[in-house]
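The values are calculated or read from the model by the stated rules, or taken from the named source; none is laboratory data. Owing to the predicted nature of the structure, the values given are computational and were not obtained by experimental measurement. Positions of Cβ are generated from backbone atoms using ideal geometry, with glycine treated the same way; all protein chains shown enter the neighbour counts.
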Amino acid sequence: MRFYDRQNELRTLERMYRLSKNAKHMLVVLGRRRIGKTRLIKEFIRGKKSFYFFVERSSSAMLLQRISNELARMMPKKVVGTLDWELAFKILLEDFDVVVLDEFQNILSVDESALSTLQHVWDEFNGSTLLILVGSYQTMMKKIFEDYRTPLYGRSSGRLRVEPLSYRYVRRILLDMKFRGEENMMNIYSILGGVPLYYEFIERFGISGTWKDIVKAMFIEEPRPLIDEPHVLLVGEFGRQQSTYMSILEAIARGKSTMTEIANATGIPEKSLGKYLKELSQDYEIIERKVPMFSPPNSKRGRYFLRDPFLTFWFRFIYPNMSMIELGQGDELIRSIENNVNAHMGRIFEKIVAEIIAEQFKPLKMGSWWNRRGDEIDIVAELENEVLFVECKWRNRKITWREVEDLIRKSELVKIEASKKRRYMIVSKSGFTENCRNRIDEKGIIYWDLSDLERAMKVPNE
């Protein structure tokens, strides 16, 4: 599969590369496993005088032997025999413009003293190079670079976080794979999210058709390439307490968003739950806490959501139904998912619409809004001279004028600056009734259906 997007990340890497021509720079690159960090780095170092090394969980002696062998191959006159960490780091920094150590957090389990050696060599090095340290596990990488007691604390020039691809580029991938239909492609995105490797699996296994075919191939029919993916992603982060974290994530994926709801669903007392929610949001960055738009960050009306569509889908539909899959009841599971897929897709649809609004309207601030009485507005975007209130409907019937009136009613409950106007927007998967469309035109309300989103989502040169 060809390389998609990552233009912002490549620009950051190239900028750091230019800066490293005059001084040494250490850049930390973070992102979960399989997100495409290695592919990004290899695209960047192409044509540059570089050294790339994958840090395996092996013995210190084995790693040093591999580094020594690779350096001896590249510079046979300079490297003979096996190096120690100090000499290896010195040669790397002195002889290459870019040095990449991938899965760098594994150093902690291989030889923690290598961190002190690297700190010493780095502090003594007066040349110019770009050292890129790539890592997958949040907690380990944060321990290495954020704990003031660790050797590399304060040494990095900055961080680059590699995020999942947005729907815009996932859509481009799916179109290149001959998938069609905006609704179908959005549903596939709601299942696989923005991890490029998962779409490579589509190519490898020759999958085509609808989102149901994706679910069958990835989770139900052997070899089920993604059935255990979240375990692989998260077990290294969670360790012994993985069952507690997994139960919390399942509860959130199933729509339990307040602390009380999550506590009731998991049986974890609220006093204990706060610690886990804080770690999942701040340390692991798997969930996010949102508060109503225009509310203070410490609002008691905060709600929790999974950040990632793939994890949301897996924890909602696959994890609780492993026994159905093992018993060969895949068709029943597909029917169950089909009955609930619109509810799952609702928040993903809001996310896609929010991306377009951010791009086209350039809001000062954007979020959702809700109150204690159950009134909710999907997206509220504060602009320079107005506030845009947006309702997103992913369902199989058309929007009526009564629902537009309800959005206007709810917007009046939101306190905004007196100088700003209220503006309205409705986005519907299934379109609008004729009466609704006529009245929307009269009121000057923005309305989009899937064809409008399709036009807005086209990437350059499409």
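Do we find that residue 160 is closer than 30 Å to residue 113 by Cβ, in contact with a Phe, Trp or Tyr (Cβ under 7 Å, 6 or more places away or on another chain) and not acidic (Asp, Glu) in this structure?
Taking the combined requirement at face value, the residue does not satisfy it.
Please go through the range 175-197 and give me each residue that is in a loop (DSSP other than H, G, I, E, B) and either surrounded by fewer than 22 Cβ atoms within 10 Å (Cβ to Cβ) or over 14 Å from the mean Cα position of the chain (by Cα) (or both), ordered by number.
Filtering the range 175-197 down to residues in a loop (DSSP other than H, G, I, E, B) leaves 177-181, 193-195.
Across the range 175-197, the qualifying residues are 177, 178, 179, 180, 181.
Can you give me the ranges of the helices (runs of 4 or more DSSP H) entirely in the range 216-330 with at least 3 residues that are hydrophobic (A, V, I, L, M, F, W, C) and more than 30 Å from residue 381 (Cβ to Cβ)? First the steps, then the outcome.
Working: elements: 229-238, 242-253, 259-266, 270-278, 309-313, 322-326.
The helices (runs of 4 or more DSSP H) meeting that bar are 229-238, 322-326.
Examine the range 49-61 for a residue that is within 26 Å of the chain's Cα centre (by Cα) and within 29 Å of residue 173 (Cβ to Cβ), and state whether such a residue exists.
Within the range 49-61, the subset within 26 Å of the chain's Cα centre (by Cα) is 52-57.
Remaining after also requiring within 29 Å of residue 173 (Cβ to Cβ): 52, 54.
Yes: the range 49-61 contains one or more residues that are within 26 Å of the chain's Cα centre (by Cα) and within 29 Å of residue 173 (Cβ to Cβ).
Looking only at the range 50-77, filter to residues that are in a loop (DSSP other than H, G, I, E, B) and basic (Lys, Arg); which one of those is modelled with the highest pLDDT? Before you say what the answer is, go through the steps one by one.
Taking the range 50-77 first, the residues in a loop (DSSP other than H, G, I, E, B) are 55-59, 75-77.
Right, trim to basic (Lys, Arg) and you get 57, 77.
Working: 57: 92, 77: 86.
Among those that are in a loop (DSSP other than H, G, I, E, B) and basic (Lys, Arg), it is 57.
Restricting attention to the range 307-343, report how many residues are within 18 Å of the chain's Cα centre (by Cα) and either in the same structural domain as residue 453 (by TED's automatic domain parsing) or among the charged types (D, E, K, R) (or both). Outline the logic, then answer.
Filtering the range 307-343 for residues within 18 Å of the chain's Cα centre (by Cα) gives 307-316.
Checking the rest, the ones that are also either in the same structural domain as residue 453 (by TED's automatic domain parsing) or among the charged types (D, E, K, R) (or both) come to 307-308, 316.
Adding up the residues that qualify gives 3.
Within the range 388-397, identify whether any single residue is surrounded by 17 or more Cβ atoms within 10 Å (Cβ to Cβ) and touching a residue at least 60 places away in the same chain (Cβ under 8 Å), and answer yes or no. Walk me through how you get there before you give the answer.
In the first step, residues of the range 388-397 are kept if they are surrounded by 17 or more Cβ atoms within 10 Å (Cβ to Cβ); the result is 388-394.
So of that shortlist, the ones also touching a residue at least 60 places away in the same chain (Cβ under 8 Å) come out as none.
Within the range 388-397, none of the residues are surrounded by 17 or more Cβ atoms within 10 Å (Cβ to Cβ) and touching a residue at least 60 places away in the same chain (Cβ under 8 Å).
Anything in the range 1-49 that is of a type in the set (Phe, Trp, Tyr), under 30 Å from residue 203 (Cβ atoms) and in a helix (DSSP H, G or I)? List them, or say none. Spell out how you get there, then give the answer.
Taking the range 1-49 first, the residues of a type in the set (Phe, Trp, Tyr) are 3-4, 17, 44.
Right, trim to under 30 Å from residue 203 (Cβ atoms) and you get 3-4, 44.
If the condition is that a residue be of a type in the set (Phe, Trp, Tyr), under 30 Å from residue 203 (Cβ atoms) and in a helix (DSSP H, G or I), then 44 is the only one that fits.
What are the residue pairs meeting all of these: first residue in the range 229-257, first residue modelled with pLDDT of 95 or more, second residue of a type in the set (Ser, Thr, Tyr) and not in a helix (DSSP H, G or I), Cβ atoms under 7 Å, and 6 or more apart or on different chains?
Sorted first by the residue in the range 229-257, then by its partner, the pairs are 252/304; 257/304.
Could you run through the range 211-234 and say how many residues are of a type in the set (Val, Ile, Thr) and exposed (fewer than 14 other Cβ atoms within 10 Å of the Cβ)? Steps first, please.
Taking the range 211-234 as the starting set, the residues that turn out to be of a type in the set (Val, Ile, Thr) are 214-215, 220, 227, 232.
Those left that are additionally exposed (fewer than 14 other Cβ atoms within 10 Å of the Cβ): 232.
Residues meeting the conditions: 1.
Kindly indicate whether residue 136 is surrounded by fewer than 16 Cβ atoms within 10 Å (Cβ to Cβ) and modelled with pLDDT under 95.
Here the answer is no, as residue 136 does not meet what is asked.
Of all residues in the range 358-382, how many are without any contact (Cβ under 8 Å) to a residue 40 or more places away in the chain and touching a Pro at 6+ places or on another chain (Cβ under 7 Å)?
Residues flagged as without any contact (Cβ under 8 Å) to a residue 40 or more places away in the chain and touching a Pro at 6+ places or on another chain (Cβ under 7 Å) within the range 358-382 amount to 1.
Being of a type outside the set (Gly, Ala, Ser) and surrounded by fewer than 16 Cβ atoms within 10 Å (Cβ to Cβ) is the filter here; which residues of the range 246-268 pass it? Give the derivation first.
Going residue by residue through the range 246-268, those that are of a type outside the set (Gly, Ala, Ser) are 246, 248-250, 252, 254, 256, 258-262, 264, 266, 268.
Scanning the range 246-268 gives 258, 260, 264.
Considering only the range 126-174, how many residues are part of a helix (DSSP H, G or I) and β-branched (Val, Ile, Thr)? So that I can check it myself, show each step before the final result.
Keep residues of the range 126-174 that are part of a helix (DSSP H, G or I), which gives 138-146, 167-174.
Of the ones still in play, those that are also β-branched (Val, Ile, Thr) are 139, 144, 170, 173.
Of the residues in the range 126-174, 4 are part of a helix (DSSP H, G or I) and β-branched (Val, Ile, Thr).
Suppose the filter is modelled with pLDDT under 95 and farther than 23 Å from residue 162 by Cα; does residue 341 pass it? Show your work before the answer.
On the way: modelled with pLDDT under 95: yes; farther than 23 Å from residue 162 by Cα: yes.
The answer is yes for residue 341.
Six or more apart or on different chains, Cβ under 9 Å: which pairs go from a residue in the range 78-100 that's more than 18 Å from residue 120 (Cα to Cα) and at pLDDT 95 or above to one that's assigned to a loop (DSSP other than H, G, I, E, B) and among the small types (Gly, Ala, Ser)? Could you list them?
97/20; 97/128; 98/20
What pairs come out if I take residues in the range 282-306 that are not assigned by TED's automatic domain parsing to the domain that holds residue 270 and pair them with residues that are surrounded by fewer than 16 Cβ atoms within 10 Å (Cβ to Cβ) and hydroxyl-bearing (Ser, Thr, Tyr) whose C-beta lies under 9 Å away, six or more apart or interchain?
As it stands, the answer is none, since no pair meets every condition given.
Can you tell me how many residues in the range 203-215 are touching a helix residue (DSSP H, G or I) at 6+ places or on another chain (Cβ under 7 Å) and in a helix (DSSP H, G or I)?
Filtering the range 203-215 for residues touching a helix residue (DSSP H, G or I) at 6+ places or on another chain (Cβ under 7 Å) gives 205, 207, 210-212, 214-215.
The next check asks that each one be in a helix (DSSP H, G or I); those that pass are 211-212, 214-215.
Number of matching residues: 4.
Of the numbered conditions (1) in contact with a helix residue (DSSP H, G or I) (Cβ under 6 Å, 6 or more places away or on another chain); (2) surrounded by fewer than 19 Cβ atoms within 10 Å (Cβ to Cβ), residue 316 fails exactly one; give the number of that condition.
With respect to (1) in contact with a helix residue (DSSP H, G or I) (Cβ under 6 Å, 6 or more places away or on another chain); (2) surrounded by fewer than 19 Cβ atoms within 10 Å (Cβ to Cβ), residue 316 is out only on (2).
Name the residues in the range 373-385 that are charged (D, E, K, R) and either within 28 Å of the chain's Cα centre (by Cα) or crowded, with 16+ Cβ neighbours inside 10 Å (or both), would you? If you could, list the steps in order and put the result at the bottom.
Here is the first cut: in the range 373-385, the residues charged (D, E, K, R) are 373, 375-376, 378, 382, 384.
Matches in the range 373-385: 376, 378, 382.
May I ask you to verify whether residue 52 is closer than 22 Å to residue 125 by Cα and surrounded by fewer than 20 Cβ atoms within 10 Å (Cβ to Cβ)?
Values: closer than 22 Å to residue 125 by Cα: yes; surrounded by fewer than 20 Cβ atoms within 10 Å (Cβ to Cβ): yes.
It is true that residue 52 is closer than 22 Å to residue 125 by Cα and surrounded by fewer than 20 Cβ atoms within 10 Å (Cβ to Cβ).
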